[in-house]
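Read-outs throughout are calculated quantities, based only on the coordinates presented, and are distinct from any laboratory measurement. A quick note: this is a predicted structure, and the numbers were derived from the prediction, not measured. Cβ placement follows ideal geometry from the backbone for every residue including glycine, while neighbour counts extend to all protein chains displayed.
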Amino acid sequence: MIPEARDRPRTDVAEPGHTGASRHSDRAVSDEAPPDDDDAALFRSAIGRVRELPRAPAPPAPPKPRPGTRMAELDDAQTLGEFQRLLGASAPLEAGDALRHRRDDVPPRVLRQLAQGRWAVQDELDLHQANTAQAGALLRRFLQDARDADARCVRIVHGKGLNSEGVPVLKNLVDRLLRQRGDVLAFHSAPTAQGGTGAVLVLLKPR
């Protein structure tokens with residue numbers, strides 16, 4: 001015979017001093033992870049004081065690419081075009097022609113003195129083996145450096161252009177460029193002993 005409910009033993013009776021809620025609360029506390037702040041403090045105490053590392057130097061910049069052959073050809077073509085434009089201003093010089101020019105405020109005797117080599121040469125530029133673009137750049141830099149050094153008379157060796165096809169290119173280039181510069185007072189082809197019609201003596205304006 002099945003016992004009545006009142007006769008069955010009770011299994012959900014809490015032990016004295018304990019409740020079901022308290023047992024659930026204890027289990028919840030034991031299952032929680034320790035706070036993050038405690039972990040961070042434990043880590044700092046274990047590794048000690050932290051120092052900031054110095055910044056690493058920036059990597060060196062890559063070298064600039066060298067100008068290609070195409071750019072050099074364009075520069076040379078541009079300079080050659082400028083040279084052709086300068087030639088159009090007057091008839092080109094031949095290999096044996098003398099270079100001569102003076103500003104209006106320079107006495108004619110100064111040009112005669114240059115032709116006779118009576119001015120002391122203080123610096124010289126040799127344009128042999130230079131192409132048109134190189135010669136123009138070298139000549140401009142040379143004249144600027146001569147002015148900075150307070151040189152009064154310089155010699156430029158351009159050659160007679162005997163191996164050139166047609167007109168002597170460098171000789172005509174030097175003649176045209178010298179005529180355009182405000183710091184050039186006069187110039188004349190050098191005496192035979194100083195290069196003859198293959199070189200020119202240039203008188204520069206003082207600083």
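Brief remarks follow.
- Computed packing ranks the peptides 105-116, 193-204 as 193-204, 105-116, most packed first, by mean other Cβ atoms within 10 Å.
- The length gained by stretching the chain between D145 and Q180 to full extension, at 0.36 nm per residue less their Cα-Cα distance, is 10.9 nm.
- Annotation: peptides 168-175, 185-192, ranked by per-residue average of other Cβ atoms within 10 Å with the highest first, follow the order 168-175, 185-192.
- Label reach from A193 (point 7 Å along Cα→C-beta): in region 114-158, amide nitrogens under 13 Å belong to 116-121.
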